[in-house]
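Asks: Attaching a single structure in C-alpha cells format; questions to follow.
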Amino acid sequence: MGNSLICRAKKDARDNGSRSKRMGRSQRKMLADEEFLHKQALSMALHQHQLSQRFDGSMSRRIGSTSSRRHTDPLANNEKKVLESLEKIKFKKIILLHGEGFGAWCWYKTIAHLEEVGLQPTALDLTGSGIDLTDTNTVTTLAEYSQPLIKYLENLPEDEKVLLVGHSSGGACLSYALEHFPEKISKAIYLCATMVSNGQRPFDVFAEELGSAERFMQESQFLIHGNGKDKPPTGFMFEKQLMKGLYFNQSPTKDVALAMVSMRSTPLGPIMEKLSLTPEKYGVGRRFYIQTLDDRALSPDVQEKLVRENPPEGVFKIKGSDHCPFFSKPQSLHKILIEIVQIP
C-alpha cells in the first residue's frame, strides 16, 4: 500500500500535497505528544503530581481512547499486574548515579517513570557535580568523588538495602560501593558503565576511544589544570560540539539544550584510580549490565567486552539509545529496571 501511494504521488501533485498535509498533521501530533510527555516527566520529577492521581483513573491510560469504559484495556491490565508484583518487593529504594559531567538532573525522566509504579528512586549528585558546589579540581580520589553515596549508605538502616544504578564512569562509584558496603546493596546495575575488574582504572574502559591514560594526560586538549599549567591536570571537559556527537546523538533537542547548560567538568583523579575489588565483597554482589546499542562514547563492542571479561548475572540491551541517560526512549530503561527489581 505504501508503494502504491508513492506511485500515485509521483503522478498526481494533488495527492502529494494531500499526503504532505497528512504527514504534517502526523508530525505535529507526534511533536505535541512529545511536548506533553516532556512536561509530564518534569512535573513528576518535581513531585507536583500525587501518586494517587497517576493510577486511580489515570489520564495516561486513556490517551487516544474514548472507549476505555466499555472495553478492557490490556495495557492497563499489564500495568496493574506490575503494580501488584512490585507491592510485594521488599526493597524499593533505587539510587541513581550519574556519569562524567552529568548530575542528578539527568535522571528526571527515569525518576518520573519509576515513581509511577511505586518505587522510590533517589538521584545523587556526586562530589563536584550537579548542584554540589565542591570545586572539581579538589576531588582527587574515588572515595572523595563517591562521598555522597557513601554517606547515604552509611545512614541506611541496618534492615534496608538499595538497588544501585551507575551510568558511564559512575559505574566506578557503584563498584566502590559494592566493595565497601556489599550488605547494603541488593543489586547493582551498570548502565553503559565502567564495570571494571580488579586492578583496572575507570579510564581504561574508554581507552579505545581516547587512547592510553598516559597519552591522554599528556596530549588531550580537553584537560583542566586547576593548580596551574606547570602542575598535573585536575579535570577534563569536552567542548560542546564534541559532547553533542559523543553523548547525545539520539537525544531530543530540548534535552541536549538542558544538558549543555548543566554539564560540568569531571575530576580526573577518580577515573585514573585503580580499583581494588575482592571476591569476598565485590564478588558476591548481584551485578547486571544494560547495553546501549547506538552509543558513541562507549561503543557496543566495548560494552560487550566488559560483559565478557567480567560477567554479570544478567545483560539487557536498549536499541537506538545513545550515551545520555535521558534516552530518546526512557520507557525502555525504566521497564528494564522494573524487570531487574522483580528478579528473585
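Asks: Past 24 Å, Cα to Cα: identify those pairs from Lys109/Lys319; Lys88/Lys281; Lys151/Lys231, in the order given. Please report the intermediate quantities before stating the final value.
Replies: Values: Lys109/Lys319 18 Å; Lys88/Lys281 28 Å; Lys151/Lys231 31 Å.
From Lys109/Lys319; Lys88/Lys281; Lys151/Lys231, over 24 Å: Lys88/Lys281; Lys151/Lys231.
Asks: Taking the Cβ of Cys106 as the centre, find all other residues whose Cβ is under 12 Å away and add up their charges (Lys, Arg: +1; Asp, Glu: -1). Could the numbers behind the result be given before it?
Replies: Numbers: positive: Lys109, Arg264; negative: Glu100, Asp125, Asp255.
Net charge in that neighbourhood comes out at -1.
Asks: On to the next question. Take the solvent-accessible surface of the protein heavy atoms, probe 1.4 Å, and return the percent of it on the stretch 279-344 that carbon and sulfur atoms account for. Could you put the intermediate results ahead of the total?
Replies: Working: 1520 of 3040 Å².
Its accessible area is 50 percent carbon and sulfur atoms.
Asks: Over the stretch 236-314, average the accessible area per residue using a 1.4 Å probe and give it in Å², no decimals.
Replies: Values: 3620 Å² over 79 residues.
On a per-residue basis, 46 Å².
Asks: A follow-up question, please. Would you check the accessible area of Tyr152, probe 1.4 Å, heavy atoms only, in square angstrom rounded to 10?
Replies: Roughly 60 Å² of Tyr152 is accessible to a 1.4 Å probe.
Asks: May I pose another question? Report, by chain and number, residues whose modeled amide H sits under 5 Å from the one on Leu124, excluding near sequence neighbours (fewer than 5 apart, same chain).
Replies: It is Leu96, His98, by chain and number.
Asks: Also, I was wondering about something else. Test of understanding: what is the full-extension gain from Leu86 to Leu242, defined as 0.36 nm times their sequence separation minus their Cα-Cα distance? Can you show the working numbers first?
Replies: Numbers: separation 156, 0.36 × 156 = 56.16 nm, distance 4.04 nm.
Roughly 52.1 nm would be gained on extension.
Asks: Starting from the amide H of Asp322, placed 1.01 Å from N in the peptide plane, find each other amide H under 5 Å away whose residue is 5 or more places distant or on another chain.
Replies: Gln250, Ser328
Asks: Distance in nm between label sites at Lys335 and Thr278, each 7 Å beyond Cα in the beta-carbon direction?
Replies: Between Lys335 and Thr278, the label points sit 4.2 nm apart.
Asks: Which FRET efficiency value, to the nearest 0.05, do you get for Arg215 and Thr138 by plugging their Cβ-Cβ distance into 1/(1 + (r/R0)^6) with R0 = 35 Å? Please list the in-between numbers first.
Replies: Details: r = 25 Å, r/R0 = 0.72.
After rounding, the FRET efficiency stands at 0.90.
The values are calculated or read from the model by the stated rules, or taken from the named source; none is laboratory data. It should be emphasised that the depicted structure is a prediction, and the values quoted were computed from it without experimental measurement. We place every Cβ from the backbone using ideal geometry, glycine too, and count neighbours over all the protein chains shown. These area figures cover heavy atoms from the full protein model, side chains too; ligands, DNA and RNA do not enter into them. Shrake-Rupley method; radii C 1.70, N 1.55, O 1.52, S 1.80 Å.
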